[in-house]
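Since the structure comes first, as structure tokens, the remarks are kept for the end.
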Amino acid sequence: MRAPADIFPRAVEVVAVSDLARGIEWRPLIRDIDAVVHLAGIAHTGSGIAEEVYDRVNRAATAGLAAAAAGGRIQRLVFVSSIRAQTGPTCPHVLTEADPPLPTDAYGRSKLAAETAVRAANAPYTILRPALIYGPGVKGNLASLMRLAQSPWPLPFGALAGRRSLLARENLVAAIHFVLGARATAGETYVVADPEPLTLAEIVRALRAGEQRRPGLIPIPAMLIATPLKAIGRSDLWERLGCDSVVDPAKLIGAGWRPAIETRAGLAAMVQAASPRKSGTASRSTP
């Protein structure tokens, strides 16, 4: 993995591996290891990365790890996939594990292919498909929304009714810990999300509540936001702002997983961690 060794407890042995786009000899790295949690890969950046690069990093490297796990003493391989292996950025109905996987981009296809490789390797596995993850240091679309919420301006999202599922980082960690210790989760695939989806207005309220601010939301009709965005070719932005993407984690909850934090509290804590007011300085945090 690539991370500073001092971010882990002393009891954790940090081992560096080469670029995942190249072949990796996994067997020496997992020798005498009981469990592996695989989260590494190319994130859904939308930055024009070639599909074959997604495939090498997200599928081929995972397939190699799963094959090595099958030939070793691994008792559980937890593969952290993505909800994008199952769907596009929006979905008109509530998603469960029973829905057929229909990824819509190279990232999602590579994650789904990696899942297939994990199942085919015959190692004891559990696959998790997390929804959009938030927490301190968040990047991407949620970081942009948090910066927008931290601005002093009223926002025109008060009437948007589309709901989205999010997943607190603490809740993902709790899910990983749970499946590692639950024999009944072996060989299973789970979607993972905070139990309560929120509208964009509710997300902004939670973020601004974290700074002890009023919501500052204006109820502009959805059509007045959607129409101009579609007219300038930004239907993708409208999908992220106003459309549904709801994930039902009932299967994982039924197995015994319990979220560690409620969504609104988690969003408030995230913005508090990023706020310069927390440290009493005038410097700006970089998500």
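The values are calculated or read from the model by the stated rules, or taken from the named source; none is laboratory data. Small disclaimer: the values here were computed from a predicted structure and weren't measured. Here the Cβ is made from the backbone with ideal geometry for all residues, glycine too, and neighbour counts use every protein chain on show.
A compact table of results
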item: Residue that is surrounded by the most Cβ atoms within 10 Å (Cβ to Cβ), among those in segment 199-237 that are closer than 18 Å to A159 by Cβ, within 26 Å of the chain's Cα centre (by Cα) and among the basic types (K, R); result: R205
item: Selected residue [of a type in the set (K, R) and part of a loop (DSSP other than H, G, I, E, B)] from R73, R84, R56; result: R73
item: Residues of segment 181-190 that turn out to be closer than 13 Å to V80 by Cβ and at pLDDT below 95, as a count; result: 0
item: Residue, farthest from the chain's Cα centre (by Cα), within segment 79-94, restricted to residues that are surrounded by fewer than 21 Cβ atoms within 10 Å (Cβ to Cβ) and of a type in the set (A, V, I, L, M); result: V94
item: Residue in segment 224-236 that is modelled with pLDDT under 95, of a type in the set (A, V, I, L, M) and closer than 18 Å to S151 by Cβ present; result: yes
item: Residues located in segment 77-114, provided they are within 18 Å of L167 (Cβ to Cβ) and aliphatic (A, V, I, L, M); result: V78, V80, I83, A85, V94, L95
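A quick yes/no check of all residues on (1) within 20 Å of Y107 (Cβ to Cβ); (2) modelled with pLDDT of 90 or more; (3) among the small types (G, A, S):
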residue: A11; (1), (2), (3): no, no, yes
residue: V15; (1), (2), (3): no, no, no
residue: A21; (1), (2), (3): yes, no, yes
residue: E25; (1), (2), (3): no, no, no
residue: V36; (1), (2), (3): no, yes, no
residue: I42; (1), (2), (3): yes, no, no
residue: G46; (1), (2), (3): yes, no, yes
